[in-house]
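Some notes on the structure that comes next.
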Amino acid sequence: MADQEQANVSTYLRLMQHNFPQIAIQTVLPITRGWDSFVLEVNGELIFRFPMREDVLAYLQKELRLLPVLEQSLSTPIPHFDYIGHGDASYPHMFVGYRKLGGVAFEDESITPQQLAVLAPALATFLNELHSFPVEQAAQAGVQTHTPEQWRERYQERYIDLQERIFPLLDVDLRTKSEQLWQDFLDDRASFVFQPVLIHCDLACEHILCDPQRGELTGVIDWGDATIGDPTLDFVEFHRRHGREFTERVLASYQGTVDIAFWCRLDFYLRYLPYSELLYGSYSANEKFITKGIEGLHAMFRE
């Protein structure tokens, strides 16, 4: 463990002991240092998340409002924040803890094709329940609402951001191809006629927990990006990880609307990841993400 990470863990351990003296802390294991939060596993049974920046707090507050009402409508477990702690001068943010959800991540390489086939309907059931959650109730919990036109504006704003912050870093070929990709997407009005629903909006395979033997989902975590928008976005990582055939297996049991532009939008969202890495690298002054994003663009446009 690096010295800075060790110092962070020591700070977080002290804050947990101060806020929750009832927890007899025996083991503390760093799970991940993601883009937004540092995550610790405590005693093998609790998960604590510590936001790494001030702007992450708004997303955490959204989870605190949304998840208690959402969990009543989902058959798949989601985090229930039993512990809400407060920092001090050394760490001036709130932090949260919840009982660890069981299962293995859906990205686990040991999941067999046969098990994947059984898990597809379970994923569809989860999305059926999530996407049918009343949007008015989600909005009351502080979730941002987007009409299709506002959804287009959301990506228009990101395109402008890319033009200002990222395109100057790209060679002529990457910039030209990127401009064409974004303009084609934004100019295709047929892509912006979907029915907005509550979406997870960051449904990466590492955020889905499952029991492959039983063909069941055991949890879905990391809801900070939840919003009301395009349901297609919640299918993107299925396709990225397991391909179109698997995505179609999930869709076969999906009860939501699949409009005529579904696959066109999915194709664009699949290509969006390098741009997301580039923007994160630019805003956080992290050269590693900028390098990774540019390499991702080269690989994407070679395909």
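The values are calculated or read from the model by the stated rules, or taken from the named source; none is laboratory data. These numbers come from a predicted model, not from an experiment. Reconstructed Cβ throughout: ideal geometry from the backbone, glycine too, with neighbour counts over all protein chains shown. All accessible areas refer to the heavy atoms of the entire protein, side chains included, with ligands and DNA or RNA removed. Shrake-Rupley method; radii C 1.70, N 1.55, O 1.52, S 1.80 Å.
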Query raised in the report: If we keep just the residues of the stretch 249-279 that are of a type in the set (F, W, Y) and part of a helix (DSSP H, G or I), which is most open to solvent (accessible area, probe 1.4 Å)?
Result: W263
Query raised in the report: Does at least one position in the stretch 130-143 carry a residue that is closer than 20 Å to R271 by Cβ and exposed (fewer than 14 other Cβ atoms within 10 Å of the Cβ)?
Result: no
Query raised in the report: How many residues are part of a loop (DSSP other than H, G, I, E, B), surrounded by fewer than 16 Cβ atoms within 10 Å (Cβ to Cβ) and at pLDDT 95 or above if we restrict to the stretch 1-22?
Result: 2
**Report entry** Every pair of residues 6+ apart whose Cβ atoms lie under 7 Å, when the first sits in the stretch 204-225 and is under 20 Å from Y98 (Cβ atoms) while the second is open to solvent by less than 20 Å² (accessible area, probe 1.4 Å) and among the polar types (S, T, N, Q)
**Finding:** L217/T76; G219/T76; V220/T76
Report task. Scan the stretch 57-82 residue by residue and report those that are surrounded by fewer than 14 Cβ atoms within 10 Å (Cβ to Cβ), assigned to a loop (DSSP other than H, G, I, E, B), in contact (Cβ under 8 Å) with a residue 40 or more places away in the chain and under 18 Å from the mean Cα position of the chain (by Cα). Result -> none
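Here is a yes/no grid of residues against (1) within 30 Å of R65 (Cβ to Cβ); (2) out of contact with any strand residue (DSSP E or B) (no Cβ under 8 Å at 6 or more places or on another chain):
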| site | (1), (2) |
| --- | --- |
| P121 | no, yes |
| A138 | yes, no |
| H146 | yes, no |
| E149 | yes, yes |
| L170 | no, yes |
| D187 | no, yes |
Query raised in the report: What do you reckon, is R53 part of a helix (DSSP H, G or I) and either open to solvent by 70 Å² or more (accessible area, probe 1.4 Å) or in contact (Cβ under 8 Å) with a residue 24 or more places away in the chain (or both)?
Result: no
Report task. Out of G103, G85, G44, G97, report the one residue that is surrounded by 14 or more Cβ atoms within 10 Å (Cβ to Cβ), on the phi > 0 side of the Ramachandran plot and not aliphatic (A, V, I, L, M). Result -> G103
